[in-house]
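Input: a single structure, listed below in structure tokens.
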2 protein chains.
Amino acid sequence: MKRNNVPYKINLTEQEIPKAWYNVRADMKTKHRPMLNPATLKPVVESDLTPVFCDKLVAQELNDKDRMIDIPEEVLNFYRMYRPSPLIRAYFLEKALDTPARIYYKYEGGNTSGSHKLNSAIAQAYYAKEQGLVGVTTETGAGQWGTALSMACGYFDIDCKVYMVKVSSEQKPYRKAVMETYGASVTPSPSTTTQIGQKMLAEDPNTTGSLGCAISEAVEAAVTTEGYKYVLGSVLNQVLLHQSIIGLEAKAAIEKYDEYPDIVIGCAGGGSNLGGLMAPFMADKLTGGKAPYFIAVEPASCPSMTRGKFAYDFCDTGMVTPLAKMYTLGATFIPASNHAGGLRYHGMSPILSQLYHDGYLDEARAVGQRDVFEAATLFAKVEGLLPAPESAHAIRAAIDEAIKCKESGEDKVILFGLTGTGYFDMAAYMQYNSGEMEDYIPSDEDLERGFAAIPDIKEAE
Amino acid sequence: MKRNNVPYKINLTEQEIPKAWYNVRADMKTKHRPMLNPATLKPVVESDLTPVFCDKLVAQELNDKDRMIDIPEEVLNFYRMYRPSPLIRAYFLEKALDTPARIYYKYEGGNTSGSHKLNSAIAQAYYAKEQGLVGVTTETGAGQWGTALSMACGYFDIDCKVYMVKVSSEQKPYRKAVMETYGASVTPSPSTTTQIGQKMLAEDPNTTGSLGCAISEAVEAAVTTEGYKYVLGSVLNQVLLHQSIIGLEAKAAIEKYDEYPDIVIGCAGGGSNLGGLMAPFMADKLTGGKAPYFIAVEPASCPSMTRGKFAYDFCDTGMVTPLAKMYTLGATFIPASNHAGGLRYHGMSPILSQLYHDGYLDEARAVGQRDVFEAATLFAKVEGLLPAPESAHAIRAAIDEAIKCKESGEDKVILFGLTGTGYFDMAAYMQYNSGEMEDYIPSDEDLERGFAAIPDIKEAE
């Protein structure tokens, strides 16, 4: 029976903002394999990471014991500006699809950064400020993370140097302008400001860049500049920890109406959004309770989970970072310049990778960008929110699941993450509207070239 | 004593969305002078307006008797998608200014159209649909109204033809893309598709266009195309009626915390936002109760209230519309191409004009755009919301009032309208960031040229 007593938007109160993040690793039966020091190939310890990252963030990165980690009061204060984010019942989408499914989405695009990335940016900027740093360096793909970090650094009045994947900086000049308005400096990557950037440009002067390369540049800039550390918007354990606030709020909100999702869907580039959204529901599964069916949606052009290898690999193209055990297409893989710039990473969060490998994350699904924009356009029309291309990957899967429900007559509860808005992606919408959008699917040969660069690591049992 | 028990965001529940709009005209002691038929110079009657506007909207336009007008259920359903909008306590701005003032803003930019315009767009699209029309025509300046109307027409599945002021369409190609994504067709104005557009182009092929000219084109297109009517996003009584939902919600929210504004501030182009925000507070004043001090903020480049004449004038450059008694710079006045495209209209809502003339609207204030962007940038950094240039006019005045409170030690309650986001205005921010932004102040001679075009109407007493 269809529940129609749920309001369009379930808003928690400010008092209901979670006071602690949830650390899913504490509940995982099989921990993900430790990161390896690239020089020694030994598991990293604190002292390997503190030259690159803030001390408190290193501690979070390595913490697989504590289930809940308190959110600092200064971060909570900032959260109160834009959180709790609404959980929205997609009545209009349900009607358009004529589905018996009940569809909910957690909308994280309501803040000026336009995405969920702010949840971790403000935490990382806080710890940098607390440590007395001058500033931080980072990379950005679609620009969402860079925007969020610029806002966070502007708020705590510390410097912010952003390396922006070149193709994105060309597609989105206004993203750059937003970051600069918040006081950040933005450098298209690869650039001549770093050794690794110079090397990439020498190899291919026409490269459109990649997230992996921009990471290398940002890390190099951090370790070679006094008073700076490097911060990252996805992939890392600490990021998934901070993003757990998405899931904690979503769970509290949906349970107010005695609902529980049968399916949880998130787009997955580095894994920050899906990891955060699913965390508390995954807790139910890991602790033996009822649990949703989890779906990670990735672009067919960068299919790290659906077609990648589960192996130790570098997190960056320059191969200066620690190695992580994850699903990967190889650190040298550069995806076609599709419009979901936030989903163009060659690897995947080690936590999500392990959960997928162990069958807790039930399914990974690759979708083409024309299908994604078809879903985005329908969603924009009926739900009134213009989604980012990244988020629209989750919308595509949610629509497909809802259509299956129509066919089977099942009234499943579908929850997906709407991570951000598409205001800076209108060039992509224009291309879709004009019928000129293409799908890019890497060939097996393309993938083999990437796989060839994955180092051959013998793992101790 | 400073109240610090107010949450950052005061969210009403969906059940608290007002079920009726408030019609301020019913409480006005001196009604504004009636619009005049341009051919006969007699007060317009229903049959003068129904060829141009939808029947139900004409009835609302002429209604000065009913205080409350029910919101149709279909419109309420749409409102539930994005309303109630939050009333936000600007704790961070207060702290940055070190002011004893308590600052609140009603944030209308949280929906995909990015502004308050959606409140009236959905109502107008609904009445057009209800009347069985094929579609509607309109003009847009900054693009906010066109975007909102596109969303509304997309929702009700009727056609939408938008004439967009040429300078805006060039500054904001992505605005056009959003409208097209929602299914609208967008024509830069002046265009060759109408007689008035052809005439304007013949007179000045390099014209950057104006809202007044785009209105003429949209009206011409409506009356010459079967199944179409014209709709307008500001100025008209019906629009102020629909926008009263802003003020009704703001009043309900602020009163929950036993607060009442000492000052209410809104930017004013055609008057839709300020008219809506202040309406229920103005009711207090008109009915003899306590009341705030009302401030309308306009750009120094288009100073209709601060430097214009209170006179009967055409609402459009082509002089095809009825004449309205209002503050005006003359229908031929074309302001410099400043970045607050939504505030470039030569006239002002007849309701606001009358209230200002009679001293109920206490003050009109003109501000320069560099000062406006200074305020916008500060606000973006501390409050985390990147404002539209239009909205930033209100921010500028709110900051100035808060600074006065610091000097005098008064803890006034300041309420302003944050009408929209600046995501499509990044070219303007880039210009400000680079230090290349200029202020445009029309000379007295510029204004005299505009005044010369105001018709000389003898009013009956």
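Structural remarks
- Filter pass, A:Asp98 being of a type in the set (Asp, Glu) and either within 13 Å of another protein chain (Cβ to nearest Cβ) or out of contact with any helix residue (DSSP H, G or I) (no Cβ under 7 Å at 6 or more places or on another chain) (or both): no
- Qualifying residue in segment B:148-161 (condition: more than 23 Å from A:Thr112 (Cα to Cα), in the same structural domain as B:Pro190 (by TED's automatic domain parsing), part of a loop (DSSP other than H, G, I, E, B) and out of contact with any strand residue (DSSP E or B) (no Cβ under 6 Å at 6 or more places or on another chain)): yes
- Residue list for segment A:108-133, restricted to those being part of a loop (DSSP other than H, G, I, E, B), away from every other protein chain (no Cβ under 11 Å) and more than 16 Å from A:Gly384 (Cα to Cα): A:His116, A:Lys117, A:Gln131, A:Gly132, A:Leu133
- Candidate set: segment B:242-260, residues that are open to solvent by 10 Å² or more (accessible area, probe 1.4 Å) and aliphatic (A, V, I, L, M); chosen: the one farthest from B:Lys9 (Cα to Cα): B:Leu248
- Which listed residue, of B:Met151, B:Met164, is crowded, with 24+ Cβ neighbours inside 10 Å and either touching a His at 6+ places or on another chain (Cβ under 6 Å) or more than 10 Å from chain A (Cβ to nearest Cβ) (or both): B:Met164
- Only a single criterion out of (1) assigned by TED's automatic domain parsing to the domain that holds B:Pro389; (2) of a type outside the set (A, V, I, L, M, F, W, C); (3) open to solvent by less than 10 Å² (accessible area, probe 1.4 Å) is not satisfied by B:Ser120, namely (1).
- Verdict on A:Ala142 being part of a helix (DSSP H, G or I), open to solvent by less than 10 Å² (accessible area, probe 1.4 Å) and not assigned by TED's automatic domain parsing to the domain that holds A:Leu274: no
- Cβ-Cβ distances below 6 Å connect no pair with a first residue in segment B:63-86 that is within 11 Å of chain A (Cβ to nearest Cβ), a second residue that is surrounded by fewer than 16 Cβ atoms within 10 Å (Cβ to Cβ) and part of a loop (DSSP other than H, G, I, E, B), and a separation of six or more residues or different chains.
- Any hit, segment B:419-441, residues being hydrophobic (A, V, I, L, M, F, W, C) and modelled with pLDDT of 95 or more: no
- Extreme residue, farthest from the chain's Cα centre (by Cα), among residues of segment B:362-393 that are part of a loop (DSSP other than H, G, I, E, B) and within 14 Å of another protein chain (Cβ to nearest Cβ): B:Gly384
- When residues in segment B:405-461 are screened for being part of a helix (DSSP H, G or I), under 30 Å from B:Tyr91 (Cα atoms) and open to solvent by 70 Å² or more (accessible area, probe 1.4 Å), 3 of them pass.
- A:Asp258 being part of a loop (DSSP other than H, G, I, E, B) and over 23 Å from A:Ala340 (Cα atoms): yes
- Listing of strands (runs of 3 or more DSSP E) fully contained in segment A:1-107 that carry 3 or more residues being closer than 17 Å to A:Glu383 by Cβ: A:87-89, A:102-107
- Residue count for segment A:352-388 under the criterion of being closer than 30 Å to A:Val24 by Cα and in contact with a strand residue (DSSP E or B) (Cβ under 9 Å, 6 or more places away or on another chain): the result is 17.
- Scanning segment B:228-249 for residues that are under 17 Å from the mean Cα position of the chain (by Cα) and in a helix (DSSP H, G or I) returns B:Asn237, B:Gln238, B:Val239, B:Leu240, B:Leu241, B:His242, B:Gln243, B:Ser244, B:Ile245, B:Ile246, B:Gly247, B:Leu248.
- Residues that are touching a strand residue (DSSP E or B) at 6+ places or on another chain (Cβ under 8 Å) and among the basic types (Lys, Arg) within segment B:190-242 comprise just one, B:Lys229.
- Segment A:3-59, residues that are open to solvent by 70 Å² or more (accessible area, probe 1.4 Å), under 29 Å from A:Phe92 (Cα atoms) and in contact with a Lys or Arg (Cβ under 7 Å, 6 or more places away or on another chain): A:Arg3
- Residues located in segment B:312-326, provided they are part of a loop (DSSP other than H, G, I, E, B) and under 15 Å from B:Gly270 (Cα atoms): B:Cys315, B:Asp316, B:Thr317
- For segment B:403-424, the condition of being within 14 Å of chain A (Cβ to nearest Cβ), closer than 29 Å to A:Gly110 by Cα and of a type in the set (S, T, N, Q) holds for at least one residue.
The values are calculated or read from the model by the stated rules, or taken from the named source; none is laboratory data. Quick caveat, the model's predicted, so the values are computed rather than measured. All Cβ positions, glycine included, derive from the backbone under ideal geometry; neighbour counts span all protein chains shown. These area figures cover heavy atoms from the full protein model, side chains too; ligands, DNA and RNA do not enter into them. Shrake-Rupley method; radii C 1.70, N 1.55, O 1.52, S 1.80 Å.
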